[in-house]
Amino acid sequence: MTRTLLWFQQDLRLMDNPALREAVKGTHELTCLYCADPALRRPGRYHCKPVGDLPWRFILDSLDDLARSLVQFGQRLWLRQGDPLTVLPEIIKQRQIDRVVVSAPIGLDERRQWQTLMERHPDVVFEAVQSHTLFRLDQLPFSLDNLPGTFSQFRKAMEAVPVRPHCRPPTVLPPPPGRLRNDPLIPPRAPSNSPFRGGERPGRRHLNRYFAGSAPQSYKQTRNALDDWRSSTKFSPWLARGCLSARQVWAALSRHEHYRGANESTAWIRFELLWREYFQWYALAHGSKLFAFTGIQNIRRPTTFYAERFSKWCRGQTPFPIVNAAMSQLNATGYLSNRARQIVASAFVHELGLDWRYGAAYFQQQLLDYDVASNWGNWQYLAGVGADPRGWRHFDLAKQTEIYDPDGAFIRRWAPTQPSAPLDSHDEADWPRRAP
Ligand SMILES: Cc1cc2nc3c(=O)[nH]c(=O)nc-3n(C[C@H](O)[C@H](O)[C@H](O)COP(=O)(O)OP(=O)(O)OC[C@H]3O[C@@H](n4cnc5c(N)ncnc54)[C@H](O)[C@@H]3O)c2cc1C
């Protein structure tokens, strides 16, 4: 009798889930678990929560959807609240688990957690199956130590490597364990009016609709728009939480090209998926340097932490209307276009002179599509300490506004009033502060 524990993390789906396929092999009893660590909902090192309210809502909806899908297979999703290093050992002991299977984690904390579990349970088999990336490690034409230093080199190296076809879910799943504690993690909630609804089914619906229409045919021309649902694919939240796999998107894109024709725009979507791919391997290759102030380049840029400026940037109260509009959109929706992300990140390090890691941590808290590799990798890139061969890019805010918000509609919609207070409310004359 083999008892397997499948630990869902960033792979909240049944389709094209190689970890699930692996977990069912030779298994007589399958425990499907999601463990919510309360530490992720509390402010951490950069005064930000690792998972903010909007992304948490997306995750809960995704779990709901996953739980429903599992029921159709006679299975169930067990939800537990607690530190995985406490919860998993408890279940391993209680259910006499022989194997633990997980989608190979990309984040450093998650990889350390996995390592610790393996060390603590030498009698249990641990299998980490790659399911977050387009390619598997053994498909890369270089070792991780020799990961190309720029995206262009990576893309060229990957040109001849085929994306493997995605896998279907198993037709039958082994039964769940009879008795296990289940924490009431998914509270009843009113339907959200966000177009981003968490879950595999909503993700697949969106994928099919997007590729059934004509938007992919003009993606290259529209992708920089600041505030338009059809301008880019909007796949990122589902990809980040694993409700869709990158291979499913790749396959749907190829089908679209087959029936509607391939052009520069459809090729550009593929190009963006490769950017995502690059950052995944980048995160694995660079480990803790992904989060270091000096990045992978070991460069110290002249930025620091100013509490007041940071707080004004987060609230959209800076002297820059385009930045304020974007931050207010991020706070209200949990989403920002790629162009807006670049603009606010550039302003963060250049105009405000702030330590980029605080910006990355705030994005982590707010973004529905937070993905450890894409977020910290892109922030490094813009902060001039990452994979950008052109150095420390500074976006001209006036020019960006002129090009991307020429009639001011974006600013009027998201930041109709601008703050009148100066950026810094204290100057040297106020220091040291005297008692009133
Ligand atoms: C500072 C900063 C932080 C970012 N943080 C994240 C993040 O946490 N999670 C995330 O998924 N993306 C992040 N991105 C990348 C990009 O902005 C988003 O993936 C994109 O805006 C999502 O919208 P979309 O799905 O419509 O993208 P599309 O333009 O339609 O692109 C298709 C897909 O390609 C991938 N992609 C596109 N651009 C990039 C990129 N530059 N880097 C990595 N993948 C990309 C995404 O998976 C996206 O869904 C960040 C970019 C910047 C500049």
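Taken over the alpha carbons of segment 304-386 as equal point scatterers, the Debye sum produces base-10 log I(q)/I(0) values at 0.10, 0.21 Å⁻¹ of -0.19, -0.92. Short-range pairs are left out: with C-alpha atoms under 8 Å and at least six residues apart, the relative contact order of segment 169-324 is 17 percent. Mean residue ellipticity, 222 nm, helices only, the chain: the sum of -39500 (n - 2.57) across DSSP H runs of n ≥ 4, divided by residue count and rounded to 500, is -13000 deg cm²/dmol. What the Cα atoms of segment 106-147 give is an Rg and a Dmax of 12.9, 34 Å. Quick note on segment 8-131: its Rg to Rh ratio, both from C-alpha atoms and Rh being the Kirkwood radius, is 0.95. Note on THR86: accessible area approximately 80 square angstrom, rounded to 10, probe 1.4 Å, nucleic acids and ligands left out.
Give me the net charge for the shell around GLY178: Cβ to Cβ below 15 angstrom, other residues only, Lys and Arg +1, Asp and Glu -1. Net charge around GLY178: +4. Computed over protein heavy atoms with a 1.4 Å probe, the accessible surface of segment 231-333 works out to 36 Å² per residue. Using the alpha-carbon positions of segment 320-363, Rg (one decimal) and Dmax (whole number) come out as 9.7, 26 Å.
Across the chain, the mean sequence separation of Cα contacts (distance under 8 Å, 6 or more residues apart), normalised by length, yields a relative contact order of 19 percent. A 1.4 Å probe, protein heavy atoms only, puts the accessible area of HIS394 near 110 Å². Both numbers refer to the Cα atoms of segment 58-154; Rg and Dmax are 17.0, 50 Å. Given segment 123-249, report the % of alpha carbon pairs whose separation exceeds 17 Å. Value for segment 123-249 (Cα pairs over 17 Å): 75 percent. Computed over protein heavy atoms with a 1.4 angstrom probe, the accessible surface ordering of LYS93, LYS312, LYS220, largest first, is LYS93, LYS220, LYS312. When VAL249, VAL71 are compared by accessible surface with a 1.4 Å probe, the order from highest to lowest is VAL71, VAL249.
Calculated on C-alpha atoms, the gyration radius of the chain divided by its Kirkwood radius gives an Rg/Rh of 0.98.
Please state the charge dipole magnitude for the chain, taken about the Cα centre, from unit charges on C-beta atoms (+1 on K and R, -1 on D and E), reported in debye and rounded to the nearest 20. That gives the chain a dipole magnitude of about 820 debye.
Averaging the Cα positions of each part gives two centres, and for segment 342-398 and segment 135-210 these lie 24 Å apart. Charged side chains reduced to their Cβ positions (Lys and Arg at +1, Asp and Glu at -1) give segment 46-172 a dipole of some 220 debye around its Cα centre. Checking the cross-link pairs LYS220/LYS312; LYS234/LYS399; LYS49/LYS312; LYS156/LYS220 against a 23 Å limit on the alpha carbon distance flags LYS220/LYS312; LYS234/LYS399 as lying beyond it.
Could you let me know the centre-to-centre spacing of segment 29-56 and segment 301-335, using Cα atoms, in angstrom? If you average the Cα positions of each part, the centres end up 24 Å apart. With only the Cα atoms considered, segment 188-292 has a convex hull volume of 142 Å³ per residue.
What separates the Cα centres of segment 225-249 and segment 72-114 is a distance of 27 Å.
Using heavy atoms of the protein chains and a probe of 1.4 Å, the accessible area assigned to SER143 is about 60 Å². Ranking TYR306, TYR210 from most to least accessible surface, computed with a 1.4 Å probe over the protein chains only, gives TYR306, TYR210.
Rolling a 1.4 Å probe over the heavy atoms of the protein chains gives segment 1-145 an accessible area of 43 Å² per residue. Using the Stokes-Einstein relation with a Kirkwood hydrodynamic radius computed over Cα pairs, the translational diffusion coefficient of segment 281-338 at 25 °C and a viscosity of 0.890 mPa s comes to 179 µm²/s.
The values are calculated or read from the model by the stated rules, or taken from the named source; none is laboratory data. Note that the structure is predicted; figures quoted are calculated from it, not measured. Note: ideal-geometry Cβ built from the backbone for every residue, glycine included; neighbour counts use all protein chains shown. Each accessible area value is taken on the protein alone, full model and side chains, heavy atoms only, with ligands, DNA and RNA left out. Shrake-Rupley method; radii C 1.70, N 1.55, O 1.52, S 1.80 Å.
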